[in-house]
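Readers should treat all values here as calculations from the given coordinates under stated rules, not as data from a laboratory. Here the structure is a predicted model, which means the values were calculated and not measured. Every residue, glycine as well, gets a Cβ built from its backbone with ideal geometry; the counts of neighbours run over all protein chains shown.
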Amino acid sequence: MRKKLLFFVNPNAGHAEIRTHLMEVIQIFTLGGYDVTVHPTSRAGEIPEVIAAEGAQYDRIVAAGGDGTLNETVSGLMRLDDPPPLGYLPGGTVNDVASTLGLPRNCLDAASVAVGGREVRIDLGSFNDRWFAYVAAFGAFTGVAYRTAQSDKRILGRLAYLLRGVQALGEIRPIHVRAVTADRVIEDDVILGIVGSTTSVGGFKAKRDLSISLTDGLSEVVLVRDIKNVIDLNNVAAAILKQDFTSSKDFYFLRAGRIDFYFDEDVPWTLDGEFGGSIRRAEIRNHRRALRILVPAGDERPALADPEEST
C-alpha cells in the first residue's frame, strides 16, 4: 500500500526555484513511494489549520518555503496527537534552520532528503501558547526580518537584513526585564534577548565552542545588557553578527529548559523571524526531541546527536 504525503508550497518565499521545478519535486516524492497532495499556501495561518484538520491522514508532511512557512508547519504538527515526520525544502532568503540541519538549498536535493533522508528528533520551543522551531527574540534587530520587504530579501539576500539592522541602531532603547530559570534570576536593563536552539541566526553561524545541541532539552539564552556609548554599541553589534556571547561583560549567556520573562510594559517579540506579538510575560519551554524531521543521511553533525546515546 502506497503512503500519503501532504506537500505545502509557499510560492512567495525567497527565490522562485520551487515553482520552476515543482513537477520534478513531485516526481521525486512519487518515486519515493508516496501519493502526493499539493497545497499551495495563500495566507498567513493557513498551514496550521489544514494540518490540524487533515494532517493525521498523512504519513509524511513536507513544506517548501522560508522560516515562517516552517514555523506554521511545526505549529500545525504540534496540534496532532501523533504527528508524522516532517520534510523541509528551504526556500527563504536567509534560512537558519536549513543551515543548522545541513539541508540542501537545491530544491531537488532537498526533496530527495525529505523522502529518503535520516529521521531525527529535535527540540522545539513553546512561547506562551505558540510554537517556534528555532528562535524567539525581543529588542534590537528582532523586527528586521518581518519588516524587511520581500522584494528586498530577494534582491539583496542576507545584505537586506544587515542594512535594515543598521537602520534599527537608531531605534535601540533599553528594556527592563526579569528573567527567571530554575536556578537563576536576572533583573537588568537589556537591549536584546534571544532564546533558541540553533547554530545560525540571520544567516550568521554560532561559534563552535558554544557546543549547541538540538536534542538536549535545553535552549540557549542570550541577553545583551544596556550599552552606554557608541564604542560599546559597535562591539555588541559585532558580537551579535559573530554569535560570540561568552567573552564579554555585555552579555548574559545561559542554558535552560524553561525560562520566564517579565516586563514592565508590552514588548514585541519575533518567533522564527515572524512577528510574535507584544506581551508583558513570556513563558518559554524547551520540548525535548518533540519533532521528527528528515536530514541528509550522511550528515552526522554534533548538534543532532542524542546526548544519551553518546555517553
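Between Arg121 and Ser211, residue separation times 0.36 nm minus the direct Cα-Cα distance comes to 30.6 nm. Under 19 Å from a label point set 7 Å out along the Cα-to-Cβ vector of Gln57, the amide N atoms of segment 23-45 belong to 30, 34-42.
Under a 5 Å amide H cut-off, with hydrogens placed 1.01 Å from N, Phe251 pairs with Arg225 among residues at least 5 apart or on other chains. Estimated from the Cβ-Cβ distance and a Förster radius of 45 angstrom, the FRET efficiency linking Asp260 and Asn229 is about 0.90. One decimal place: the segment Ala182-Gln27 gains 50.8 nm when fully extended, by the rule 0.36 nm per residue minus the C-alpha distance. Using Cα centres only, tell me the gap between segment 256-273 and segment 5-49 in whole Å. Value for the Cα centre distance between the two parts: 32 Å. Each label was represented as a point 7 Å from its Cα along the Cα-to-Cβ direction; for Glu49 and Arg130 these points are 1.7 nm apart.
Rounded to whole numbers, the Karplus 3J(HN,Hα) couplings from phi for segment 104-119 are x, 7, 5, 5, 6, 5, 5, 5, 5, 5, 4, 10, x, x, 8, 7 Hz, using 6.51 cos²θ - 1.76 cosθ + 1.60 with θ = phi - 60°, and x at Gly and Pro.
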